[in-house]
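Input: a single structure, listed below in structure tokens.
The values are calculated or read from the model by the stated rules, or taken from the named source; none is laboratory data. Note that the structure is predicted; figures quoted are calculated from it, not measured. Cβ placement follows ideal geometry from the backbone for every residue including glycine, while neighbour counts extend to all protein chains displayed. Just the protein is used for accessible areas: all its heavy atoms, side chains included, with ligands, DNA and RNA removed. Shrake-Rupley method; radii C 1.70, N 1.55, O 1.52, S 1.80 Å.
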Amino acid sequence: MTRLTSYGGEHADCEIVEPRSVEELQHVLARSGDRHIAFRGQGHAFDAQSLSGDLVVGLRNLRGLIYDGTTVHASAGEPWGAIVDGARQRGLFPHVVVTTSQASVAGTASGNCVSRFSPLFGQDGDHVRSLDLVTCDGQQLHCTRENEHADVFFGVIGGLGCLGAITEVAVELSQNKHDQVETHVLEVGRIGDVLTAISPSNTADGATRYAVLLPDLERGIAYSSAYTSGQRLAPYRPVHQPRSLYRLAGELLLRSTLGTRLVWAIAERKRAARYVDPIVDFTFMMDGNARLRRIGRWLGFPMRVTQQSFVLPVETTSEFIARTRRLFAEADVVPTMSDVLYCPSDRALLSATYDFAGFFISFAFETSWRSRRARIDAALTQASKECLALGGRVHLTKNVRADPADLAAMYATTLPALQQLRQRLDPERRIRTDFLARTFPMLV
Ligand SMILES: Cc1cc2nc3c(=O)[nH]c(=O)nc-3n(C[C@H](O)[C@H](O)[C@H](O)COP(=O)(O)OP(=O)(O)OC[C@H]3O[C@@H](n4cnc5c(N)ncnc54)[C@H](O)[C@@H]3O)c2cc1C
């Protein structure tokens, strides 16, 4: 038995098998009988999405990158850091890539992940051309959004590994030779003004827009960012510089309420109007957080984090933030980091933006204190109810603290189609992650 831990600190004791080829994977699945399986990439999910108390099939050893024009054919376990390295050598860059270089290409396709460029370019899955999937009975399916497996394609994107193991993802990259990102502060002020500054009608200049909310959730800072080259560097050290000592110190301070207030007070007062960062530092800015977590866990600290995202219609976002502000105040908890960006709609069945565009709002809490974590969980569960009442959905890729009945109501339009796909591709319900069992019991 091996103890596996998620990024947020959930854990499971299980057997882990890590095949090195598609044939080995088929062999593992054929031998696994009626065991409960979770597929796992690089294990960076916040919650228990890649954990099972029985058998975990790890796919990080499936490696290989082939660049063909503007498409990269990436084997499932390839981390985004390697894909970006190869892409940059060819004057290419991903449209949408998560803020850690460690997540695998199959992991982010399974989460239909978002980035700060999502207001312009949508989600990870919008740039996936095709997926190769091995189902529990060993069938290999090549899925695109147009071919005979299109229904499977939209179940696998954002589907958190519930239909089979992805072995390869073909991703469309953008032609982008820039090596820097220029960021401007657009607005510092009340939530309504900040949301207006990042609203979709304001992205005509080709720059993306997003915001952070200050810990009181009354005010925020709106930014715009665009790719550029040849500028004098003006790094945003505490945020966009994952390797800087400022960042490490900031990450440490963020683990306490007082430190959180201090960091954000400094961020607000000492801000510059403009920053220029190297493209890779900007892109993978959360590698700084991952580094602190690695050091902390190596020293024996649990380094737990809870991060939950919600998608709200544009018109109810302010009200949702006001309600969460009250919930967090009643629970006496302060989010370490809260951010907002606009995201267009898509067609993936388990995507929070299925057929619905809106503001993505994330709240992170960096604490390992048991009693505080219980209050955070209760407040987020209540926030999920408010999200439902205001016409939104909980995003399933980060932590999910929600009543399963509320999740079922949020995803009522697409769950029947996903259940049919499950019935067709995994009739014995062998794929059963701890996460699915807790959040969508009807799927397992
Ligand atoms: C520091 C950090 C920064 C992050 N930044 C962002 C961000 O900017 N935007 C965002 O949206 N998310 C972000 N995330 C979340 C992260 O990108 C997702 O959790 C992603 O799924 C992690 O990929 P992984 O390879 O580590 O997946 P794992 O944790 O291994 O798995 C995640 C899910 O994908 C499934 N899966 C993985 N590989 C396969 C496969 N080969 N076949 C079938 N299913 C598979 C698993 O079953 C599971 O459901 C961040 C996470 C961290 C820790």
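Does R20 satisfy being assigned to a loop (DSSP other than H, G, I, E, B) and more than 11 Å from the ligand (Cβ to nearest atom)? Yes; evaluated as a whole, the condition is true for this residue.
Taken over the range 81-90, the criterion of being free of Cβ contacts under 8 Å to residues at least 40 places away in the same chain and within 13 Å of the ligand (Cβ to nearest atom) is satisfied by A82 alone.
The single condition from (1) charged (D, E, K, R); (2) more than 19 Å from R40 (Cβ to Cβ); (3) more than 21 Å from the chain's Cα centre (by Cα); (4) modelled with pLDDT of 95 or more that D132 fails is (2). Only one of the numbered conditions (1) open to solvent by 30 Å² or more (accessible area, probe 1.4 Å); (2) part of a strand (DSSP E or B); (3) aliphatic (A, V, I, L, M) is not met by L4, and that is (1).
Checked against the criterion of being charged (D, E, K, R), open to solvent by less than 40 Å² (accessible area, probe 1.4 Å), in a loop (DSSP other than H, G, I, E, B) and touching a strand residue (DSSP E or B) at 6+ places or on another chain (Cβ under 9 Å), the range 54-69 has no qualifying residue. Scanning the range 186-195 for residues that are in a strand (DSSP E or B) and free of Cβ contacts under 8 Å to residues at least 40 places away in the same chain returns L186, E187, G189, R190. What helices (runs of 4 or more DSSP H) completely inside the range 253-354 contain at least 1 residues that are free of Cβ contacts under 8 Å to residues at least 40 places away in the same chain and not assigned by TED's automatic domain parsing to the domain that holds S229? In the range 253-354, the matching helices (runs of 4 or more DSSP H) lie at 287-298, 317-331.
From the list G58, G69, G33, pick out the single residue that is more than 20 Å from R438 (Cβ to Cβ) and within 13 Å of the ligand (Cβ to nearest atom). Explain how you work it out, then say what you get.
Working: G69 fails: within 13 Å of the ligand (Cβ to nearest atom); G33 fails: within 13 Å of the ligand (Cβ to nearest atom).
The unique qualifying residue is G58.
Of the residues making up the range 196-238, those that are over 12 Å from E182 (Cβ atoms), assigned to a strand (DSSP E or B) and more than 22 Å from the chain's Cα centre (by Cα) number 1. Checking the stated criteria, G77 turns out to be in the same structural domain as D434 (by TED's automatic domain parsing), within 9 Å of the ligand (Cβ to nearest atom) and either surrounded by fewer than 16 Cβ atoms within 10 Å (Cβ to Cβ) or closer than 25 Å to R243 by Cβ (or both).
Of the numbered criteria (1) of a type in the set (S, T, N, Q); (2) in contact with a Leu (Cβ under 7 Å, 6 or more places away or on another chain); (3) assigned to a loop (DSSP other than H, G, I, E, B), the one T167 fails is (3). Number of residues in the range 165-179 that are of a type in the set (V, I, T) and closer than 22 Å to L55 by Cβ: the value is 2. Criterion first (among the β-branched types (V, I, T), within 11 Å of the ligand (Cβ to nearest atom) and open to solvent by less than 20 Å² (accessible area, probe 1.4 Å)) does T99 satisfy it? When the stated conditions are applied, T99 does not pass them.
Can you name the residue in the range 83-96 that is over 21 Å from Q241 (Cβ atoms) and more than 13 Å from the chain's Cα centre (by Cα) and, of all such residues, is surrounded by the fewest Cβ atoms within 10 Å (Cβ to Cβ)? Restricting to residues being over 21 Å from Q241 (Cβ atoms) and more than 13 Å from the chain's Cα centre (by Cα), the top hit is Q89. Among the residues of the range 310-324, the ones that are crowded, with 17+ Cβ neighbours inside 10 Å, closer than 19 Å to I376 by Cα and over 21 Å from the mean Cα position of the chain (by Cα) come to 1 in all. May I ask you to verify whether E182 is crowded, with 16+ Cβ neighbours inside 10 Å, in the same structural domain as H240 (by TED's automatic domain parsing) and touching a residue at least 24 places away in the same chain (Cβ under 8 Å)? Here the answer is yes, as E182 does meet what is asked.
Looking across the range 106-137 at every residue that is over 26 Å from I361 (Cβ atoms) and open to solvent by less than 30 Å² (accessible area, probe 1.4 Å), the one that is farthest from the ligand (Cβ to nearest atom) is identified as S130. Restricting attention to the range 355-371 and to residues that are assigned to a loop (DSSP other than H, G, I, E, B) and charged (D, E, K, R), the residue that is nearest to E268 (Cα to Cα) turns out to be E366. On the basis of being open to solvent by 60 Å² or more (accessible area, probe 1.4 Å) and within 16 Å of the ligand (Cβ to nearest atom), does H142 make the cut? For H142, the condition - open to solvent by 60 Å² or more (accessible area, probe 1.4 Å) and within 16 Å of the ligand (Cβ to nearest atom) - is met.
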